[in-house]
1. Binned at 20 Å from 0, what are the whole-percent values of the Cα-Cα distance distribution for the protein assembly as shown, short to long?
2. With θ set to phi - 60° and the Karplus curve 6.51 cos²θ - 1.76 cosθ + 1.60, what are the ³J(HN,Hα) couplings of the range B:209-223 in order, to the nearest whole Hz, using x for Gly and Pro?
3. Filter B:Lys152/B:Lys197; A:Lys61/A:Lys104; B:Lys61/B:Lys104; A:Lys110/A:Lys149; A:Lys503/B:Lys152 down to the pairs with a C-alpha to C-alpha distance above 18 Å, please.
4. Apply 1/(1 + (r/R0)^6) to the Cβ-Cβ distance of A:Lys234 and A:Asp273, taking R0 = 22 Å, and write down the FRET efficiency to the nearest 0.05.
5. A:Leu117 label points, 7 Å along Cα→Cβ, one per copy: pairwise distances from this copy to the rest in nm, shortest first?
6. For chain B, calculate the relative contact order in percent as a whole number, restricting contacts to Cα pairs under 8 Å that are 6 or more residues apart.
7. Report the full-extension gain for the segment A:Gln295 to A:Val490: residue separation times 0.36 nm, less the Cα-Cα distance, to one decimal in nm.
8. Rank by packing, highest mean first: peptides A:238-248, B:197-207, with packing defined as the count of other Cβ atoms within 10 Å averaged across residues.
Number of protein chains: 2
Amino acid sequence: MPPFGLLHRRAWASLFGQLLRPSGLTSLVAHISHSFSCQVSEAVLISQLKPHQEKSNFVIKTPKGTRDLSPQQMVVREKILDMVIDCFKRHGAKRLDTPAFELKEMLTEKYGEDSGLIYDLKDQGGELLSLRYDLTVPFARYLAMNKVKRMKRYQVGKVWRRESPTIVQGRYREFCQCDFDIAGQFDPMIPDAECLKIMCEVLSGLQLGDFLIKVNDRRILDGILAVCAVPQSKFHAICSSIDKLDKIPWKDVRHEMVAKKGLAPEVADRIGDYVQRHGGVSLVEEMFQDSRLSQNKQALEGLGDLRLLFEYLTLFGIAEKISFDLSLARGLDYYTGVIYEAVLLQTPAQAEECLNVGSVAAGGRYDGLVGVFDPKGHTVPCVGLSIGVERIFAILEERMKTAGLKIRTTETQVFVATPQKNFLHERLKLISELWDAGIKAELLYKNNPKLLTQLHYCEHMGIPLVVIIGEQELKEGVIKLRSVASREEVAIKRENLVAEIQKKLSES
Amino acid sequence: MPPFGLLHRRAWASLFGQLLRPSGLTSLVAHISHSFSCQVSEAVLISQLKPHQEKSNFVIKTPKGTRDLSPQQMVVREKILDMVIDCFKRHGAKRLDTPAFELKEMLTEKYGEDSGLIYDLKDQGGELLSLRYDLTVPFARYLAMNKVKRMKRYQVGKVWRRESPTIVQGRYREFCQCDFDIAGQFDPMIPDAECLKIMCEVLSGLQLGDFLIKVNDRRILDGILAVCAVPQSKFHAICSSIDKLDKIPWKDVRHEMVAKKGLAPEVADRIGDYVQRHGGVSLVEEMFQDSRLSQNKQALEGLGDLRLLFEYLTLFGIAEKISFDLSLARGLDYYTGVIYEAVLLQTPAQAEECLNVGSVAAGGRYDGLVGVFDPKGHTVPCVGLSIGVERIFAILEERMKTAGLKIRTTETQVFVATPQKNFLHERLKLISELWDAGIKAELLYKNNPKLLTQLHYCEHMGIPLVVIIGEQELKEGVIKLRSVASREEVAIKRENLVAEIQKKLSES
């Protein structure tokens, strides 16, 4: 057995599962990358680069709220992204890409209270630009600009938000989003139901444990505020208070509404009667019967759509994963109908940390956004979702750390070694042949490496096969093929090398 | 046969090859996305989004020098990136990712005359930041910051440069780079030779036509300037003039040196004797014999390394692809040794456009860059390369346009259809079953679509299979499975649906 697990398909299944094979190994990979002594060469510095260390207060770091992703992190990340993208493709989506920055005016007045978190570029002459804040607004801009009337697209890319990392723990200023959206005028709630189905497929597929998707509708929320006699001018502010109900208890939310946002206490109490409720499709029916709410046209439209949505979700077999939650508000300005947010459910033992997990996927309907960009105001109804891959990534990273599981960061299949001096030429010819045959191969960049060093490298890196060439082999026209795990060696004819290796690799 | 070619492995081989199967079809994909009438809904605009069109001079566009990538472009792009990444992995590289922006001071004084092209972020309180200009400087910063002494890594990501798109045609301000680098103290020229091997593998693999890799060494260039008696203070300026020799003739370069950069005419002529030369390993030997150059220590070191490099390149079977070109200078400040640049060779008929193709891959050795970041000045020698995927992408896109080849932008395998009204529930149950089995499936988001509309959609989108359910099938407990290409239909048992589809798909 190699010193650390090579992550095959099955191992990945267990990585994403609850059960992980523990391993008491120290971090071998880290060990390797630091174990070689640093022989600083007397490099001829042709260019006139000025060393940073000559400056007074030089600190080498990444910008606040950002980080590098190590090879280990990249392996986990790519596995997660592959799974998410597979799901998006299963639902017929095309991939789109948009620039990292947009004209500043494209982003203004789209994000409500969060607009201050947008990164602007310096005015260096020319257009005023901002880094994108999400992938939804660029998508709407794309649809309007190209007059596309229907499209099912996905996009994976980084977005940037100037959040204060100290306030919102574990939140980065640069992070990856995976979005799936359906644009077009269709019969009601069919695309909306598919979006919820996709969220279930992704979260089940990643085996993150039990989860729940909270669903609400902006029109129901507006209806509640209206029938509770909240002044229209306070709708936004009160909504953002309600949105905090998943993080702080009702009495604190109520206090904020009354003390900070100037709402009458009896109005706040009326709101409280509604927004503390959640349940299944039966709650939808109950709200239909509510004497006050049933008088509100918007609320009735929202409830009607939710009723239809639950019908489709039942056909998709996911209705029990969905909770109609009257407190769900979602911060962004552009939503117009159904909204949803997936949260992971923790076991009671972990309940304390429950509040910090936050949502791992969210989305909703935004029927007006494209029209904002269209020169004639023509709109295209849209509904979509975003997977919070950073949080999922953090959860899986933590799980791996706990289990002590190591990951291969390279895919090298064969190592080319020699026990003898002055065999660099033979090694180079040999490895070139392997590369040309599409075999993933490495050697040490040394004229005369020790055999033990070469074999250790293979064990540390999890390389399964070694090809060994020496004086004797050269004379006899053979090559030794060694299995690193079993330490077995077989002699094979030089001319059969590639075929034999390919056979070995297909067997494992 | 479906109306446009589904791009299977073989079709891709021909796409990347010189021969393309022509097709007289109009752009069906574009047709589909525009053919549906836009029934603008009277969306209830809950949020207070302000329409852009109310503003006076509203133009909807992407920022200057940037563009969206359509689903068609994304398919081609991902194929190219997959091939490049496959090659990097074949050579044992790990993947790294760094933030889109760095502290401004990390980027200053690294790019010579091009530093003015760096995008700065607006000072919004906090650190001064700049968008990354390449992936090399962030890599060096990563090595120094984490005290990594050896690493073979690749990175794929966007970089940003404020180039004037009107001056340098077809160059974007946002573009993708694919970098492979080897960091560490090793025996000379082994990693350097591998970098050139990788460039050959990528360019051959993408079947871009014949190519040549120009090689030079910064120390040889500096040696030439020294023995030609160029004042040290003018080295940088003269180097950047020499670098233009692939775009403009010697007499113009000479004029620039003399008239603009104040070089004595006889010094320029001496330089001209050197930098207009190119050839194979024999030119290296010839330069060793050069009475002036052989007096220069730096030049001799460079020539010695090139001699060794050619030895290894011969073993790799790529020596004939390499040209020792004394005019190659490379703009960036951080190179210290061997430098290289791959250019595509055009057939004589296309010679006129030859100059516009430019380099499709480039790189070199930069032994001093990590030391600039290290607090104690410890350095890590590095050598690497960057694949110019944007240019490769443009070439392949042009080739496809000429050939009229259409690309599938989705991977949908099965379409769920019905000839009858009121069958939405059955369709939803059925498609949910397919998704849960991992089958890529779509349906129309309509309660009662016409059968013809559904079948047309499959033909247009290149979906190979259709599952049809109706009153009769429901009664008999069967499903019709239709092949879109042959229009053949077979009845299969409802409970065997998934198995039968998987069988069909594995056959095709």
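The values are calculated or read from the model by the stated rules, or taken from the named source; none is laboratory data. Because the structure is predicted, anything quoted here is derived from the model rather than measured. Neighbour counts run over all protein chains shown; Cβ positions are idealised from the backbone, glycine included. Just the protein is used for accessible areas: all its heavy atoms, side chains included, with ligands, DNA and RNA removed. Shrake-Rupley method; radii C 1.70, N 1.55, O 1.52, S 1.80 Å.
1. Per 20 Å bin, starting at zero, the Cα-Cα P(r) for the protein assembly as shown comes out as 12, 39, 35, 13, 1, 0 percent.
2. Whole-Hz 3J(HN,Hα) from phi for the range B:209-223: x, 5, 9, 9, 10, 7, 10, 8, 9, 4, 5, 5, 4, 5, x.
3. A:Lys61/A:Lys104; B:Lys61/B:Lys104; A:Lys110/A:Lys149; A:Lys503/B:Lys152
4. E between A:Lys234 and A:Asp273, to the nearest 0.05, is 0.75.
5. Distances between equivalent label points, in nm: 3.4.
6. Worked out over chain B, it gives 18 percent.
7. Result: 61.8 nm gained on full extension.
8. Peptide ranking by packing, descending: B:197-207, A:238-248.
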